[in-house]
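Nothing in this text is a laboratory measurement; each read-out follows from the coordinates by a stated rule. What you are looking at is a predicted structure, and each value in this text was computed from that prediction instead of being measured. Reconstructed Cβ throughout: ideal geometry from the backbone, glycine too, with neighbour counts over all protein chains shown.
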Amino acid sequence: MSAVAVEGVWKFFGDYPALRDVKLAAAPGACLALIGRNGAGKTTLLRILAGFSRPGRGEVRIFGGGPRETETRRRIGFLGHGISVYDELSALENLTLFARLYHLPEPERAAREWLERTGLTRVANGLVREFSRGMRQRLAVARAFLHEPSVLLLDEPFTALDDKAIAVLQGLLRGALADGKTIVMSTHQLREALELASDVALLSRGQVAFHGPRTPEMVADPGYVYARYGEG
Amino acid sequence: MDYLRQFWVVSVKDLRAEFRTKEAINASLAFALVILVLFSFAFDAADLEEAAMNEISGGLLWIAFAFAGTLVLNRSFVRELPNDCLDGLIAAPISRSALFLGKAFANFALVLAVEMISLPVFGIFYHVRWASQFPELLLVLVLGTWGVTVIGTITSALTVNIKLREVMLPMLTYPILVPALMSAMQLTTRLMAGEAIGADTGMWLKMLIGFDVIYTSVSLILIEVVLIG
């Protein structure tokens, strides 16, 4: 069974087809890099996978379950454009809140552990509204990883991170892959993404222009996929 | 048990966030007090006879509460907009109805707090003996406030992504609230006059309870569609 299966998905915004007959799959333990120009449909697809939006046609399955089923939601970690943490709460309060929402047995302990893993322990009690953009993004990463999801859906996860934080995130993603978790990640930072990816899917104007295993050429030249299959 | 825990976690989160900023409660309380003071000038409460004052008291009070409550209710889902926090809540494996009830309960607590502070001020400005039937008045306040908050919370979810939500929320909320507000006004007027809820006013109480039960049930059924489509 595929960890993530997208079967003939269409999504319309009014009359405009943002996604056109998208078919994709990611095996358990795979890391699928979802690449494409702005407006290609990456975020739309990730939001459908996360259950935030219904496809107009077609179907998505996460380990065989619909993305809106409670058990499926427990298995998904989503990091979107918005960081989904509350400015009025502290970093510790935010993570403890989400640990409770995900029914973790020791919410505060889990929250403190992830603050440490993302290098935010010293600002644990600081309000998020006082954080820099990079710190907020690290907290968002911690929130997405907190409940040990088996599928990580990451939309531009390297945005706003400095070199050190990128290295931390790459370490977390490598650890997740080593634990057998599945990652679907949209990004424009091809070098970082292709280092981790086992598979690559190129979206172009809402359609899958390429979907297959990552090859050495892609790592050597991150622009290779665009040049070979995309719009150049 | 899990359901109650989910409901409680969402409620506490909303209340904690509100008490940090005090945006909604300060605005709502100030608005309620200003309305009550302005109405007291308009009706010249000092010169009105006690019977006449009692007759209009329920209407005045609930108009002030309904208007002031809107300011709290407007913030309910708007609070989730910065940083796409609503995505985080929707993604969590919690029941949507627990999410709705958690938010509704937090709103209920805030609106009721505004009402409890406004009530003595109302008594002072309008020379109304509001405490004479307090347990029954409290029951009416609780039932009426729940009606206002349950409709306001579902409407807040419905209008959260609309640019003119501050206008749309009261436009959608008040017409639906007419039966609840009518019942609460009638009951409050009688209680302010020192009368207990009896056979003649029991119908209004039943209508208020029925309104709360029906609209809470409808909201719980609709919340998934309202939030995600």
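Overview of results
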| quantity | calculated |
| --- | --- |
| DSSP-defined antiparallel bridges as percent of all bridges, the protein assembly as shown, nearest 5 | 55 percent |
| Degrees between helix A:107-117 axis and first principal axis of chain A (Cα, 0 to 90, nearest 10) | 70 degrees |
| Residue-wise HN-Hα coupling along segment A:167-184, computed from phi with Karplus coefficients 6.51, -1.76, 1.60 (Hz; x: Gly, Pro) | 5, 4, 5, 4, x, 5, 5, 4, x, 5, 5, 4, 7, x, 7, 9, 10, 10 |
| Lys/Arg +1, Asp/Glu -1 at C-beta; segment A:1-98 dipole; positive extreme among A:G56, A:P67, A:L92 | A:G56 |
| Shielding by partners - mean other protein chain Cβ count within 10 Å, residues of A:72-80 | 3 |
| Likely footprinting exposure, B:D47, A:D162, fewest C-beta neighbours within 10 Å first | B:D47, A:D162 |
| Helix B:2-21 axis, angle to chain B major axis (alpha carbon atoms, nearest 10°) | 70 degrees |
| Net +/- balance of residues flanking A:R20 in space, Cβ distance below 9 Å, scoring K and R +1, D and E -1 | +1 |
| Unit charges on C-beta of K, R, D, E only; dipole of the protein assembly as shown, Debye | 1400 debye |
| Restraint check, A:K42/B:K103; B:K13/B:K103; A:K11/A:K42, Cα-Cα greater than 20 Å | A:K42/B:K103 |
| Degrees, to the nearest 10: B:50-78 long Cα axis against longest axis of chain B | 10 degrees |
| 21 Å tail of the calculated P(r), chain B, as % of Cα pairs | 55 percent |
| Burial ordering of B:M171, B:M192, fewest other beta-carbon atoms within 10 Å first | B:M171, B:M192 |
| For chain A: relative contact order, % (alpha-carbon pairs under 8 angstrom, 6 or more apart) | 27 percent |
| Shielding by partners - mean other protein chain Cβ count within 10 Å, residues of A:155-162 | 0 |
| Centroid-to-centroid separation of segment A:164-188 and segment B:120-145 [C-alpha atoms, Å] | 59 Å |
| Computed [θ] at 222 nm, deg cm²/dmol, chain A (DSSP H ≥ 4; -39,500 (n - 2.57); rounded to nearest 500) | -10000 deg cm²/dmol |
| Under the Karplus curve 6.51 cos²θ - 1.76 cosθ + 1.60, θ = phi - 60°, whole-Hz ³J(HN,Hα) for segment A:69-78, x wherever Gly or Pro sits | 5, 4, 5, 5, 4, 5, 8, 9, x, 10 |
| Peptide A:49-58, shielding by other chains (average Cβ, 10 Å cutoff) | 2 |
| In sequence order, calculated HN-Hα J values of segment B:145-151 (Karplus, 6.51, -1.76, 1.60; Hz; x Gly/Pro) | 5, 5, x, 4, 6, 5, 5 |
